[in-house]
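Report on one structure; see the data block that follows.
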Amino acid sequence: MQYDPWGAAGTGVAPLPAKKSRKGLALAGALALALVTGVIGGGIGAYVERNGGLTTVELPQAEAGDTGRAPDSVAGIAASALPGVVTLHVKGNGSSGTGTGFVLDTKGHILTNNHVVDGAATSEDISVTFSSGETARAKLIGKDTGYDLAVVQVTGVSGLKALPLGNSDNVRVGDPVVAIGAPFDLSNTVTSGIISAKERPITAGGEKGDGSDISYVDALQTDAPINPGNSGGPLLDSKAQVIGINSAIRAAGGGSGEGEGGSASQPGSIGLGFAIPINQGKRVAEELINTGKATHPVIGVSLDMQFQGDGARVGEKGKDGSASITAGGPAAKAGLRPGDVITKVDGQRVHSGEELIVKIRSHRPGDRLELTLTRNGKELTKTLTLGSSQGT
């Protein structure tokens, strides 16, 4: 219908609504579809970028292979020795501590340090845990402060594996070694290193102040990390044989000792660890098992421990004013006199009274020693046979 602009008002016919363009509708639909497709595509792209694809991710990995290790490798030595190493938990006198030991025989005898078990009042205070997790109570068989060694025994435990004992005389500086213990109560801890030095004279203990708890060791030195809790554990050679008993460490602050028996402020291992040679440990362990006590080799003199010169000086008087040389003892028979300064033992230099005791303790009663000494400015050589005293 047409619209008549000249017609009277109200007489015209109202126009119909204009029809929407199909082209415009198509364009709007295309824009909406593109927007939705863009959002979906962006989401999928982000997912793919983050997850590497639409399938499950599988990372490459080596196939399962042979888990065996050479017997002389650290892993091989550890696998061989761990079943024979135990962790000791000791309580008594209001305190508790952790140490290590190792099985000596199928009868249940276990060797450890004296300072590990020294606080135990009864056998009920000593608990032994094997590498398998099995736990048993241990009976104290014997201990010796001077050697810092002790033997305990477990009963009713089957399948005990005794560690083979090596020969510490065969050890050379630079030999590889493995230490096993429970540093800070972390049982079955394995560390490795080398022998750093031999015949290192050290003393440990001394907390009581009267000298009764001092141990004297002609030690093997190692850089294998040793910390409090390693006390009493085995030091093993490349054949998985015990060549030493880990006993002491040197701390950065100058203190020496190990865990319960050493300086309370020591920070831990700095690569200076010390072990009692197994040749000495074997002899003492046999005596503790057979008699409950160990014998100490002696030369029969009282030393002047305040002497500041080089060497070990025989005192003018003994304790409580007694004679400084035991009548009829090894030194008296060899012709030593008060005031003599002993400078060598079998050709090895000694610089103090402590070092002389260490060198003497590394031998057996009955051994013959050659002592080099100075008397009135002259150097003399005396040969004597070591006597014996019983320790505790």
Report summary line: Total charge of the residues flanking Thr155 in space, meaning their Cβ is under 10 Å from its Cβ, with Lys and Arg +1 and Asp and Glu -1, is +3
Query - Too-long pairs where the Cα-Cα distance tops 22 Å, listed order kept, from Lys282/Lys344; Lys143/Lys382; Lys359/Lys382; Lys107/Lys161 - result: Lys282/Lys344; Lys143/Lys382
Query raised in the report: Using θ = phi - 60° and the Karplus curve 6.51 cos²θ - 1.76 cosθ + 1.60, what whole-Hz ³J(HN,Hα) does each residue of the range 146-162 get, with Gly and Pro shown as x?
Result: x, 9, 6, 10, 8, 10, 10, 9, 10, 10, x, 10, 9, x, 5, 10, 7
Query raised in the report: Under the Karplus relation 6.51 cos²θ - 1.76 cosθ + 1.60, θ = phi - 60°, what is the ordered set of whole-Hz ³J(HN,Hα) values for the range 232-248, x standing for Gly and Pro?
Result: x, x, x, 9, 10, 8, 5, 9, 6, 9, 6, 10, x, 10, 4, 9, 8
Report task. Specify, per residue and in Å³, the volume enclosed by the convex hull of the alpha carbon atoms belonging to the range 279-362. Result -> 116
**Report entry** Peptides 170-177, 58-65 ordered by average Cβ neighbours within 10 Å, highest first
**Finding:** 170-177, 58-65
Query raised in the report: Roughly what would the spin-label model give for Asn167 and Arg364, points 7 Å off Cα along C-beta, in nm?
Result: 1.4
Requested in this report: Mind listing the long-range amide H neighbours of Asp367? Cut-off is under 5 Å, sequence gap 5 or more, other chains count too, H placed in the peptide plane at 1.01 Å from N.
Outcome: Leu386
Query - Relative contact order (%) - criterion: Cα under 8 Å, at least six apart; region: the range 96-141 - result: 25
Query raised in the report: To the nearest 0.05, how large is the calculated FRET efficiency for Ile194 and Gln348 if R₀ is 25 Å and r is the Cβ-Cβ distance?
Result: 0.65
Query - Dimensionless Rg over Rh [the range 226-378; C-alpha; Kirkwood] - result: 1.03
Report task. Pull up all non-local amide H partners of Asp213: gap of 5 or more, or a different chain, and H-to-H distance under 5 Å with H placed in the peptide plane. Result -> Gly206, Lys208
Requested in this report: Take the solvent-accessible surface of the protein heavy atoms, probe 1.4 Å, and return the percent of it on the range 353-392 that carbon and sulfur atoms account for.
Outcome: 39
Report task. Would you please give the residues with an amide H less than 5 Å from that of Ser231, counting only those at least 5 places away or on a separate chain, with H modeled from the backbone geometry? Result -> Thr100
Requested in this report: Output the peptides 366-378, 342-354, 291-303 sorted from most to least packed, where packing is the average of other Cβ atoms within 10 Å over each peptide's residues.
Outcome: 291-303, 342-354, 366-378
Requested in this report: Please report how far the C-alpha centroid of the range 124-157 lies from that of the range 284-327, rounded to the nearest whole angstrom.
Outcome: 30
Query raised in the report: Which whole-Hz couplings ³J(HN,Hα) result when phi for each residue of the range 337-353 is put into the Karplus expression 6.51 cos²θ - 1.76 cosθ + 1.60, θ = phi - 60°, listed in order with x for Gly and Pro?
Result: 10, x, x, 4, 10, 7, 10, 9, 10, 6, x, 9, 5, 10, 10, 7, x
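The values are calculated or read from the model by the stated rules, or taken from the named source; none is laboratory data. What you see is a predicted model; the values in this text were computed from it and never measured. Backbone-built Cβ (ideal geometry, glycine too); neighbour counts: all protein chains shown. Note: areas computed on protein heavy atoms with side chains; ligands, DNA, RNA excluded. Shrake-Rupley method; radii C 1.70, N 1.55, O 1.52, S 1.80 Å.
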